Every structure is written in C-alpha cells, then in structure tokens.
Amino acid sequence: MKLDPIAAGTGAADTPAAATSAADRRGVRLLLGIVFGFLGISVTVHAVALTYVFSTQTDLVRADYYQAGQTYDHEMSLRAAAAREAFDVRVAAGPAGSVTVRLPQASAALSAASGRLKLYRPGSARLDRTLPLPAAVVTDGTAVWRVPANDLAVGRWRVRFELDAATPLALEVDRDVR
C-alpha cells in the first residue's frame, strides 16, 4: 500500500527533494550574506581611507626650499671643514664637569676664533644648554678649549662645537658621560 503524500496531509514540502532544496536556499542566502557583508565592509574601509588621503595636505616642496638648501649646504661645509681637523672631544660629569676640546696643529686663526659649545641631552630638552667658548690655550701647537659645564648628568650627550673663524667649522659628536 502506497501512501499518497497529499492524501496523508504531509504536503509536498515534506519530501526529501523539497527539504534539500530549502537547505540549499538557506546555505546560498548565508553565503551571499557573508560575501555582501565583506564587500560592504571593504567599500566602507576604502571610502574612509580615500577620504582621509584626499583631505590631508601633503607639502612635498618647502616654501623656503632655496633657503633650506643653502642652510643644508652651509651645514655640510661646516662638517667637512671639521672632518679635515683632528679633534679630540672629552666630556666629564659631576659638580666640576667640563667639556675639553683638543685640536692638534691648530692654526693661529682657529685658536683665536670665537665660538660656542652646544650641549644637547636627547632624553631631556630642559638640560640642553649653549655655552660661550673661552679663549683657547695653545701648547706646542695644540689648541685646547676647556669649557666648564657644571652638573652634567650622567648619560648620553650630543656635543656641538662651533668656531666662527675665517673658515667656520662645526663638529658634532655623541658622548657617554660617566
């Protein structure tokens, strides 16, 4: 005896083919929902990124590019002049701290030049200072500038030694002060 699905009141949806078809439709809907969800997120992220990119200003050229170039060239010539000399820089810490710069075979013009010593503390800008150079003491052709720098903290310092001679020069070194 065969049961007629319609006569039994089960309906066509209760057949195995119809159940598989409904599960397939749910799976397709879920898959489409995930795909469109990712596409929506991607479009949103790209829209935000493009809005940010086009709303920010990028100045690739400085307004004072000529002056900046000349300043850079001047700094490089100062460093090149210092590189030709045989400087020895020593830094001592403590209450009687000092910075000593020795220049063997210094010319009279360099020995007599005025200048300044700049001390930069990379970890603390409040400790930075600029000190005038005292007159150099020349012994056997070696010029020695000893600059008192009281209470230098122990640690890394950037020392910049600048001379305003006929040929100005600048020397910059990093030193660990102990």
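Numbers for the structure displayed
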read-out: Burial order of peptide ranges 111-117, 146-152, 125-131 (average beta-carbon count within 10 Å, highest first); value: 111-117, 146-152, 125-131
read-out: Length released on extending from Asp174 to Tyr66, taking residue separation times 0.36 nm less the Cα-Cα span; value: 35.9 nm
read-out: Arg79-Ala49 FRET efficiency (beta carbon distance; Förster radius 45 Å; 0.05 resolution); value: 0.60
read-out: Theoretical gain in end-to-end length, Ala23 to Thr139 [0.36 nm per residue, Cα-Cα removed]; value: 31.9 nm
read-out: Listed residue (Thr56, Ala112, Val101) projecting farthest to the positive dipole end of segment 30-178, Cβ model; value: Val101
read-out: Label-point gap, in nm, between Ser124 and Thr56 - each point 7 angstrom along Cα→Cβ; value: 3.4 nm
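Read the figures in this text as sums done on the coordinates, not as results from a lab. Predicted model only: the values in this text are computed from it and were never measured. Cβ sites come from the backbone with ideal geometry, for glycine too, and all protein chains shown count toward neighbours.
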